[in-house]
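Step one of this worksheet: look at the structure below.
The values are calculated or read from the model by the stated rules, or taken from the named source; none is laboratory data. These numbers were taken from a predicted model, which means no experiment stands behind them. Because the Cβ atoms are built from the backbone with ideal geometry, glycine has one as well, and the counts that use them run over all protein chains shown. These area figures cover heavy atoms from the full protein model, side chains too; ligands, DNA and RNA do not enter into them. Shrake-Rupley method; radii C 1.70, N 1.55, O 1.52, S 1.80 Å.
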Amino acid sequence: MRLCKMAIPRLIVCFVIYTSLGLIPSSLGVILRTMDKIVWANEFEPIELTCLIESISTNNPRIEWKKIKNGVPSYVYFQNRIAGDLDQRAQLREPANILIFNATRSDTAEYRCEVAAIEDQRDFDEILISLAVRVKPVVPRCSVPEAVTVGTSTELRCLENEGFPAPLYRWFHNNEELAQDPKNTPKPVNTSYSINPDTGGLKIRIVKKEDAGEYYCQAKNDAGYARCPSQMMEVYDVDILGIFLKSFGGVVVFFGLAGTICHSLKRGCFSNKGHNENYNWPAQNEGVEYGDADEGHFRHKSSFII
């Protein structure tokens, strides 16, 4: 009996201390947990965010869900109804889970489940869940040169900017995938190429005849993949005779034009002298006659004195 009397005050003190620190027994407070704090979902597919109530005494607790994007919270479940961005697209499931019927890329955010139980010693608890919605890539934009010359270098490009997470790229030649490391390919191919799976670039350092054919690119992530239409690339040999004839023809045309210009200069076609330079002006002491003396007209002479 004496030991029991001494133990009771100790229990009361311990209860007070635990209560003040929030470390109370589960039967006296609301406690939440979730199956996954980081959730991934595919776009246009259903996803459920779990908010499980492990312990509670209150019969009708207040349940709220908030969406937090860029640090700004907004209600998606408030006063016993779906609201905000999830209106008409979700429902609350027992005990406090929220089911999104068709997740979209705009649903990527953090979600906070809050439960208030006024009859419990610990009357409030919350849990934070991060949701990321995967987006399937769209058809990438591919750039393949139409024709290249043997021995030169070239680059094929592929770009897709809708998929999330960012997709990885693969290249296909004549419907066969090019290995990321050309040394690992089982077939004899031109090993002077390199693929950047992050940017979608395919570089061929030294083009060979066997590089000709159809090329297409594929963008892929966890949500799916998409490919661009096939494009043909032709490879030509170096035409030494054609280059020589073109160069020789250019030289002939140049010298022909130069000879024509020189011949024109010798003939004076480009002279700046005019016909007026051959005209001899009359001397100052010469007179000007305006008529014939025999016809009785007055003749003006330079020696005429008034």
Go through segment 47-103 and report how many residues are assigned to a loop (DSSP other than H, G, I, E, B), open to solvent by 30 Å² or more (accessible area, probe 1.4 Å), in contact with a strand residue (DSSP E or B) (Cβ under 9 Å, 6 or more places away or on another chain) and without any contact (Cβ under 8 Å) to a residue 24 or more places away in the chain. 6
Of all residues being touching a residue at least 24 places away in the same chain (Cβ under 8 Å) and either more than 22 Å from residue 135 (Cβ to Cβ) or not aromatic (Phe, Trp, Tyr) (or both) in segment 168-189, which is least open to solvent (accessible area, probe 1.4 Å)? Just the residue, please. 171
Collect the residues in segment 190-222 that are small (Gly, Ala, Ser) and open to solvent by less than 30 Å² (accessible area, probe 1.4 Å), keeping them in residue-number order. 192, 200, 201, 213, 219
Going through segment 111-157 in order, the residues found to be buried (at least 16 other Cβ atoms within 10 Å of the Cβ) and acidic (Asp, Glu) are 114, 120, 123, 125
Per-region count, segment 89-109, residues within 28 Å of the chain's Cα centre (by Cα) and basic (Lys, Arg): 1
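Could you check segment 110-204 for strands (runs of 3 or more DSSP E) lying wholly inside it with 3 or more residues that are over 27 Å from the mean Cα position of the chain (by Cα)?
Strands (runs of 3 or more DSSP E) meeting the threshold: 124-134.
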If we scan segment 146-155, do we find a residue that is touching a Gly at 6+ places or on another chain (Cβ under 9 Å) and charged (D, E, K, R)? yes
